[in-house]
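The values are calculated or read from the model by the stated rules, or taken from the named source; none is laboratory data. What you see is a predicted model; the values in this text were computed from it and never measured. In this analysis, Cβ positions are derived from the backbone assuming ideal geometry, glycine residues included, and neighbour counts consider all displayed protein chains. These accessible areas exclude ligands, DNA and RNA; they are computed on the full protein's heavy atoms, side chains included. Shrake-Rupley method; radii C 1.70, N 1.55, O 1.52, S 1.80 Å.
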Amino acid sequence: MTRSVVLIDGEHYPPVTQQGVDAVRARGYEVVAAVFCGGGEKLSRALELGEIPIVRGESALHALDEALSSYAPDVVVDLSDDPVVDHAQRMRLASIALARNVAYEAPGFRMDPPPRPRVARVPSIAILGTGKRCGKTAVSAHVARTLKAAGLRPVIVAMGRGGPDKPLVVRGDLHPPTAESLIALAEAGNHAASDVYEDAVVAGVPAIGARRAAAGPAGQTAFDTVSDAVEAAHELEPDVILLEGSGTAIPPVHADATILVARDTDDLGAWPGSHRLLLADLLVVRMTEGKVVPTEDSALTSPNRVPSSVVRVNVALRPTPLGPVEGRRIYAATTAPPETGDALRDHLERTYGANVIGVTHHLADRARLETDLRAVEGRYEILAVELKAAAIDVAARVARQGGAEIVFVDNRPIGIGHALEDEIAKVEEKARQRFEDR
């Protein structure tokens, strides 16, 4: 029989609450406990449900967490209502259930924890994001470089909406893709700026591309080829597999440890960030250029409270050309927002001695990108471009037509007041220990 914990409140008249519990039982569920979420308008005394234990806590979130630990249900059934449990609170409660691998039901909808079977035969680390363009690929590549520098053999499995239909091995350690080889792929009809190519180029490790479509509220894909890609990774005899998420999609296989990448503007107390935060061992926060760090009133800290078990590291992304640009006239192409343009230009000029004649922030907008590039044709010697979005099929193609060289740019995360590399090492150690203990 399906074991259930029900969520109840004091805004319902007690006989109605009891009838709701009876309705849950009539569906074949065994109600093993109830969680009191608050409210008291309809209560003249403490609510009781006969032999069913009622769990109370300093908040509904804490009470649910205790109930999940104490009663091991298969599903949480929500019998509460606004204003005690509003939509935002309901999603936070669902986050707790899903993170503990328990389904969540409320009138009109059900959310199941995404299946994440154990596929990897070596320790694995998932790198999740709160959404597109949060810096997830930059962090994944940095994790790979850090582990490689420590003497390990990491392999990245990258899934994407433009990924290959079958697992594709790209040996960034032996033969990293070049601009010419990627242009040839684009001309053959392939998505030559897929994350697997970026990972291989900027991390210098083997990367395996996989395909996925869609992402449900809990990060579940509609279909994917990630399990096959992990199997392909085993053939390279890695010490650790890095499972890179895509957008809000979570890698659909088990990971021994998890890194969450977020923007400082993300509200991790709200859905879907709250769910992903509960899965994380390390939170890497991409800070906005020019922002005072840390920000006590950030959406990351209020109303959300990062769990004490999760280490937070703030980072700034710094453009790092992967080829010489000193003394050269360069035009930079990026997906970063326009407000970062001055910092990007300043960093390239001060750190690498480049002469930046302009920056386009339209790398993800093919039409506007081509317009920007055509407007400066002949004025730059090098196109410094991130390997993503329209970097190859538009930017590299137009630059080549104008006789310019192409230098790829890596966005490297630099810890602010805290060494990111130290925390990466701790996450790897945690993943290895959990793998050995399972």
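Listed values, structure above:
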quantity: Filter result for the condition that a residue is more than 26 Å from the chain's Cα centre (by Cα), outside any loop (DSSP other than H, G, I, E, B), more than 13 Å from PHE408 (Cβ to Cβ) and aromatic (Phe, Trp, Tyr), over TYR331, TYR380; calculated: TYR331
quantity: Positions within segment 223-268 being among the small types (Gly, Ala, Ser), touching a Lys or Arg at 6+ places or on another chain (Cβ under 7 Å) and in a loop (DSSP other than H, G, I, E, B), in sequence order; calculated: GLY245, GLY247
quantity: Single residue of GLY131, GLY162, GLY189 found to be farther than 22 Å from GLN433 by Cβ, open to solvent by less than 20 Å² (accessible area, probe 1.4 Å) and assigned to a loop (DSSP other than H, G, I, E, B); calculated: GLY131
quantity: LEU242 vs. criteria at pLDDT 90 or above, surrounded by fewer than 24 Cβ atoms within 10 Å (Cβ to Cβ) and in contact with a helix residue (DSSP H, G or I) (Cβ under 7 Å, 6 or more places away or on another chain); calculated: no
quantity: In segment 201-217, residue surrounded by the most Cβ atoms within 10 Å (Cβ to Cβ) [restricted to those that are in contact with a strand residue (DSSP E or B) (Cβ under 6 Å, 6 or more places away or on another chain) and small (Gly, Ala, Ser)]; calculated: ALA207
quantity: Residues within segment 134-171 that are acidic (Asp, Glu) and closer than 16 Å to ALA120 by Cβ, tallied; calculated: 0
quantity: Number of positions in segment 23-52 that are within 16 Å of ASP78 (Cα to Cα) and surrounded by 12 or more Cβ atoms within 10 Å (Cβ to Cβ); calculated: 16
quantity: Among the residues listed as ALA390, ALA336, the single one being touching a residue at least 24 places away in the same chain (Cβ under 8 Å) and touching a helix residue (DSSP H, G or I) at 6+ places or on another chain (Cβ under 6 Å); calculated: ALA390
quantity: Segment 103-118, residues that are surrounded by 21 or more Cβ atoms within 10 Å (Cβ to Cβ) and out of contact with any strand residue (DSSP E or B) (no Cβ under 6 Å at 6 or more places or on another chain); calculated: none
quantity: Failed item in (1) within 20 Å of ASP195 (Cβ to Cβ); (2) open to solvent by less than 10 Å² (accessible area, probe 1.4 Å), with HIS275 passing the rest; calculated: (1)
quantity: Filter result (assigned to a loop (DSSP other than H, G, I, E, B) and over 16 Å from ALA103 (Cα atoms)) within segment 1-43; calculated: ASP9, GLY10, GLU11, HIS12, TYR13, CYS37, GLY38, GLY39, GLY40, GLU41, LYS42, LEU43
